[in-house]
Structures are given as C-alpha cells and as structure tokens.
Amino acid sequence: MNQQLNNLLEVGEIVLEDGISGHHILFLSIIGEIEGHNLSSERIKTTKYEHLLPILAKAQDSEEIEGIFFLINTVGGDCSCGLAVAEMIASIKKPTVSLIIGDSHSIGVPLSVAADRTFIAPTATMVLHPVRLNGTIIGAPQTFEYFKLIQDRILKFVEAHTGVTKSKIERMMLRQGMMVKDLGTILVGEMAVKEGLIHEVGGISEALFWLHQEIERRRKRRNYKN
C-alpha cells in the first residue's frame, strides 16, 4: 500500500483492483507539460517520459495488469518524446482507454488518440497547431525541414489511429483566426468527436465501463480458445 501511494505521488500511477470482477487496471495520469530531453522549470508540473516508458513496458509484460487507463490533462511539451510515449501506448496488446478530462494540447493529441478507446469530457479541449520550438533556433532551411519532418510524423500517427485524413488534420493545425496570436484549432468536447479524433464524450464512469467490458470480453475469448 505504501509503495502504491509513493507511485501515485511521484508519477500518478496506481493499480485499480475491482473486487467484483477481479480486474486489475493500471491507472496513469499524463498531466502538465510532457518533459523530454531537457528539464522543465521547477515551477511547472510535468510528466516525465523516462518514467512513463518503463511503466508501460512493465505493464505490457505483467500477467497481473489486464488493462490501462490514461487520464490526460496536458498542455503539450516535447514533441519527439511525447510521440515516443504515444507509440508505446499504441503498441500495447492489452485493452487501453484514454480520457481527456481537462486539456489535450499539441503533442497531447497523439497521446490521447493512441489508446484503443478514447473519451473526452464535455468541457475538455483539444488544441491542434503547427510544431513550434521555444528558444534560439538556427535560421536555416534544414531547421524548417526538420520542423516539417516532426509535424509529418505527428500527422501520420494521428491519421493512423483515428482514420481522419492527414490533409484534414493539417488544415486544422494551420487554420487562421481561431486562436489568439497563433494558428490552429480548438475543439471542445463534442467537437472533437464530430471531427473524428475522439470516439465518445464521457467521463470516468463511461471510460471505466468500456475498459471493464473489454477486459471481460478478452478473458472469455482466451477461455474459449483454451
């Protein structure tokens, strides 16, 4: 119990144990800024990708964990590292569900759509915008080609996991006049579902209900094969 409490306080990780069904679900929160290769300010809440990757690897390899629940409220962050986490989520062979409860901005979009089933709260938002970099950059053609390469990787990932075409996602990223001092698109709740990025509007009860059903369905399928 003390170890679970420490994990919850340090990285937002806890195992949910349902006494009725006996399902073991790993709960992970992805909040604040996605911290990558560089350290964020001490005053900023972060989710560290070097914490998430081994947790996900352990969950995939564990016979005890039957499903994973991702609670998402992120302003984005390191594109490369966020995409690495999204690829890891997508490659897990156990039922996964994501719930956007506050915001899913920037690299939070591929993180949100990587799960098997995706939910968004009615007032939660998704923000799609072009790849950006803070700080000093080298003003050379190669720099902008690198930006485009990263953006194409994100577009292809989101297309593969939502069915929304790459061109449509790119249009939303580059839309003018919707965000103050920026390009991009803000989608609130039902709008994200209508655009095809998220499966359903709902909250924690709907997301957990789907996950328990999917775990039970896979249990029965395994037992039938045996």
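Considering only residues in the range 91-123 that are over 17 Å from Thr46 (Cβ atoms), of a type in the set (Ser, Thr, Tyr) and open to solvent by 20 Å² or more (accessible area, probe 1.4 Å), the one that is nearest to the chain's Cα centre (by Cα) turns out to be Ser91.
Filter the strands (runs of 3 or more DSSP E) completely within the range 1-63 down to those with at least 3 residues that are modelled with pLDDT of 75 or more. Steps first, please.
Numbers: elements: 13-17, 24-35, 46-48.
Once the strands (runs of 3 or more DSSP E) in the range 1-63 are filtered for at least 3 residues that are modelled with pLDDT of 75 or more, what remains is 24-35, 46-48.
Of all the residues in the range 103-112, those that are touching a residue at least 40 places away in the same chain (Cβ under 8 Å) and outside any helix (DSSP H, G or I) number 1. Restrict the check to the range 66-79 and report whether at least one residue is part of a loop (DSSP other than H, G, I, E, B) and either of a type outside the set (A, V, I, L, M) or on the phi > 0 side of the Ramachandran plot (or both). Yes, the range 66-79 contains a residue that is part of a loop (DSSP other than H, G, I, E, B) and either of a type outside the set (A, V, I, L, M) or on the phi > 0 side of the Ramachandran plot (or both). Criterion first (modelled with pLDDT under 80, within 21 Å of Ala207 (Cβ to Cβ) and in contact with a strand residue (DSSP E or B) (Cβ under 6 Å, 6 or more places away or on another chain)) does Ile72 satisfy it? Spelling it out, it is not the case that Ile72 is modelled with pLDDT under 80, within 21 Å of Ala207 (Cβ to Cβ) and in contact with a strand residue (DSSP E or B) (Cβ under 6 Å, 6 or more places away or on another chain).
Would you check if there is a residue in the range 48-70 being surrounded by fewer than 22 Cβ atoms within 10 Å (Cβ to Cβ) and closer than 15 Å to Leu187 by Cα? No, there is no match, as no residue in the range 48-70 is surrounded by fewer than 22 Cβ atoms within 10 Å (Cβ to Cβ) and closer than 15 Å to Leu187 by Cα.
The values are calculated or read from the model by the stated rules, or taken from the named source; none is laboratory data. Computed from a prediction, not measured in an experiment: that's the story for all the values here. In this analysis, Cβ positions are derived from the backbone assuming ideal geometry, glycine residues included, and neighbour counts consider all displayed protein chains. Accessible surface is based on the protein model in full, side chains and every heavy atom, while ligands, DNA and RNA are left aside. Shrake-Rupley method; radii C 1.70, N 1.55, O 1.52, S 1.80 Å.
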